[in-house]
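Scroll down for the structure; my scribbles are underneath it.
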Amino acid sequence: MKPELVARGVRFGEGPTWRPDSGDLIVTSVMDGLLWRVDPGDGSAEVFADTGGGPNGSTPCSDGGVLVTQNGGMDFGELGLIPPDQAPRPRYTTPCLQRVGPDGAVRELCGIDAGLQAPNDLVIDAENNVIFTDPPHYPPPEGLKGRLLRYRSEDLAPSGAQALDPAERLEVLAVVDDYINGVGISPEGRVLIVEGRGLRWIDPDGGRTWLIEDSGGGDGFAFDREGRVYLCVPGTGLRVVDPDGRLVEDLELPEGAFLTNCCFGGDDLRTLFAMDALGNNVLAWDGMPTPGLPIRTYQA
C-alpha cells in the first residue's frame, strides 16, 4: 500500500498531531520555526503560529491550541542534510515547552530557567502530565546524557523525583547514555522511548527493558489500538513493530523519502500521517487495518 501526498511545502517537517475537533493536522517546521495547519481534505497548508527556534514535537490542547517541544533552533546549513545555500538563518530561542493558543499566540510553559538541552518529542499521560524527551542538540556530542522529563499537572504533589525548577513541577524520570528521541504511551499505559537504535520501556519504578534493541534507528512513532508501534526510521522507512518486539512490516515509501514522525488521524483513526522532512511533504496511508490509539489532549 503506497502513501498518498497530502500537502507540500512544510520544510523539514516534524511532530504531526491530529486535532479531532477541527479535523486537521498541526505539523512543525523545525527548519523555519513555524507551525502549520494542514487540511487533509483539500491539501491546503497555512501557517498556524510562529514559534521561532526549532519546534519539534506537538500535541493538542483542549482549547484548540497545541503544546510544542522547542529545541531552541538548529543551523541546517551546518548539518549536511540540505545545501547550505537553501538553509535559512536560524532564529535561536531558549529550549523549553511552548504553549500555543488557538489564535497562534505563543508563550513559554516551562523550562526557561531549567537548563533544558533540546526538547524533542512529547506525550500526555492519564493524569495530564507532559512527558517529553530532552536530548542534547544534534549531532550529539561525546559523553552525551539524554533525559526523559515530566512536567506535572498542578493538581499533583511532587513525586520525589529530581526537580529542575523551583516549583518542583519539572521532574527527571530517567537519564540515558544514548540519544533519546521519540516518546509514546502504550494502550496499557507504559512509556516507550526511542533510545539509540532501539525502543525501550521506562517503568515508574525506574526499570528499563527493551521492546526491541535494534530497530535500525528511529525518530518518532505512533501506537495503534492493539499496541503495535509504527516507527519512522529516517533514510530507511516506516517500520511496524509487534507488541512482542518483532519487526513485522515495512510500509512502502516514495523513493528518497526521509521520515521523521507520524500520527494516526481521520474520523476513524485509520489514516497514518507521516512527515517526509527532506521532501517537505506530508504523506498518508489511508485505510490502515487497525485504528490508531487516540492522542490524549492536554487539558489547558
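The numbers here are math on the coordinates, done by the rules we state, and not lab data. Given the structure is predicted, the values throughout are model-derived calculations rather than measurements. All Cβ positions, even for glycine, are placed from backbone atoms using ideal geometry, and neighbour counts span all protein chains on display.
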Residue ID - farthest from Asn71 (Cα to Cα), chosen from residues in region 46-56 that are buried (at least 20 other Cβ atoms within 10 Å of the Cβ) and of a type outside the set (Ser, Thr, Tyr): Phe48
Looking at the structure I just gave you, is Pro139 in contact with a helix residue (DSSP H, G or I) (Cβ under 9 Å, 6 or more places away or on another chain) and either under 26 Å from Trp18 (Cβ atoms) or not β-branched (Val, Ile, Thr) (or both)? yes
Hits in region 283-300 - residues which are farther than 16 Å from Gly235 by Cα and not in a loop (DSSP other than H, G, I, E, B): Ala284, Trp285, Gly292, Tyr298
Kindly evaluate Leu122 against the criterion of being in contact with a strand residue (DSSP E or B) (Cβ under 6 Å, 6 or more places away or on another chain) and free of Cβ contacts under 8 Å to residues at least 60 places away in the same chain. no
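Confirm whether Ala222 is touching a residue at least 24 places away in the same chain (Cβ under 8 Å), farther than 24 Å from Arg150 by Cα and buried (at least 22 other Cβ atoms within 10 Å of the Cβ).
no
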So which residues in region 239-265 are touching a residue at least 60 places away in the same chain (Cβ under 8 Å) and buried (at least 22 other Cβ atoms within 10 Å of the Cβ)? Thr260, Asn261, Cys262, Cys263, Phe264, Gly265
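Which ones in region 1-22 are part of a loop (DSSP other than H, G, I, E, B) and either within 14 Å of Phe264 (Cβ to Cβ) or among the hydrophobic types (A, V, I, L, M, F, W, C) (or both)? Steps first, answer last, please.
Going residue by residue through region 1-22, those that are part of a loop (DSSP other than H, G, I, E, B) are 1-3, 9-12, 20-22.
Correct list: Met1, Pro3, Val10, Phe12, Pro20.
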